[in-house]
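None of the figures in this text is laboratory data; all of them are computed from the coordinates on show. All of these numbers come straight from a predicted model, not from anything done at the bench. Positions of Cβ are generated from backbone atoms using ideal geometry, with glycine treated the same way; all protein chains shown enter the neighbour counts.
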Amino acid sequence: MARDSKERAEMQACFTRLADRMREARSLRSGEIVMRLSGPGGGNFSLRCTGNDVDVSESVAAGTESRPLIELIGDGETVRFMLDGERDAREQFLAGSFRLRGDLRYASDLALEMGLIDQPL
């Protein structure tokens, strides 16, 4: 139980850092980005973007009110390492470590601007 709460706290901190970087992105669009993560620290996370603000929340119902701009599905630990720059996001995507649904061009543009990838998807 203590390990899961530690992993959950690490995931929350990762999403807080991600939201801070997203607020600075010129390509940020209004809408919702949903992450459905399995494994330790996993859960359904929503990043609601409005103007220059990004609100992070965890909810079982993430992405059910309207169609999200982007939906990422994968292992929580892999996604956390990727968002923290410990793993190359493009390589992980091409290897099938996670799936993306929705506006892939927007996902690529945003990831490129935030330094998560160095080449477009």
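In segment 9-32, the residue that is farthest from Asp84 (Cα to Cα) out of those that are in contact with a strand residue (DSSP E or B) (Cβ under 7 Å, 6 or more places away or on another chain) and part of a loop (DSSP other than H, G, I, E, B) is Ser30.
Test Ser66 against the stated conditions and say whether it is surrounded by 20 or more Cβ atoms within 10 Å (Cβ to Cβ) and among the small types (Gly, Ala, Ser). In short, no. The set of residues from segment 9-65 being in contact with a Pro (Cβ under 7 Å, 6 or more places away or on another chain) and among the β-branched types (Val, Ile, Thr) comprises Ile33, Val34.
Taking segment 75-101 as the range and being on the phi > 0 side of the Ramachandran plot and within 13 Å of the chain's Cα centre (by Cα) as the test, only Gly85 passes. Got a number for residues in segment 1-23 being free of Cβ contacts under 8 Å to residues at least 60 places away in the same chain and either surrounded by fewer than 16 Cβ atoms within 10 Å (Cβ to Cβ) or on the phi > 0 side of the Ramachandran plot (or both)? Of the residues in segment 1-23, 12 are free of Cβ contacts under 8 Å to residues at least 60 places away in the same chain and either surrounded by fewer than 16 Cβ atoms within 10 Å (Cβ to Cβ) or on the phi > 0 side of the Ramachandran plot (or both).
Tallying residues that are surrounded by fewer than 20 Cβ atoms within 10 Å (Cβ to Cβ) and in contact with a strand residue (DSSP E or B) (Cβ under 8 Å, 6 or more places away or on another chain) within segment 48-62 yields 8.
Conditions (1) surrounded by fewer than 19 Cβ atoms within 10 Å (Cβ to Cβ); (2) hydrophobic (A, V, I, L, M, F, W, C); (3) out of contact with any helix residue (DSSP H, G or I) (no Cβ under 6 Å at 6 or more places or on another chain), marked per residue:
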site: Phe81; (1), (2), (3): yes, yes, yes
site: Glu86; (1), (2), (3): yes, no, yes
site: Ala89; (1), (2), (3): no, yes, no
site: Leu94; (1), (2), (3): yes, yes, yes
site: Ser97; (1), (2), (3): yes, no, no
site: Leu100; (1), (2), (3): yes, yes, no
site: Glu113; (1), (2), (3): yes, no, yes
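So, in segment 24-53, how many residues would count as being under 18 Å from Asp75 (Cβ atoms) and in contact (Cβ under 8 Å) with a residue 40 or more places away in the chain? Total satisfying the criteria: 2.
When segment 24-47 is filtered for residues that are in contact with an Asp or Glu (Cβ under 8 Å, 6 or more places away or on another chain) and surrounded by fewer than 16 Cβ atoms within 10 Å (Cβ to Cβ), the ones remaining, listed by number, are Arg26, Ser27, Ser38, Gly39.
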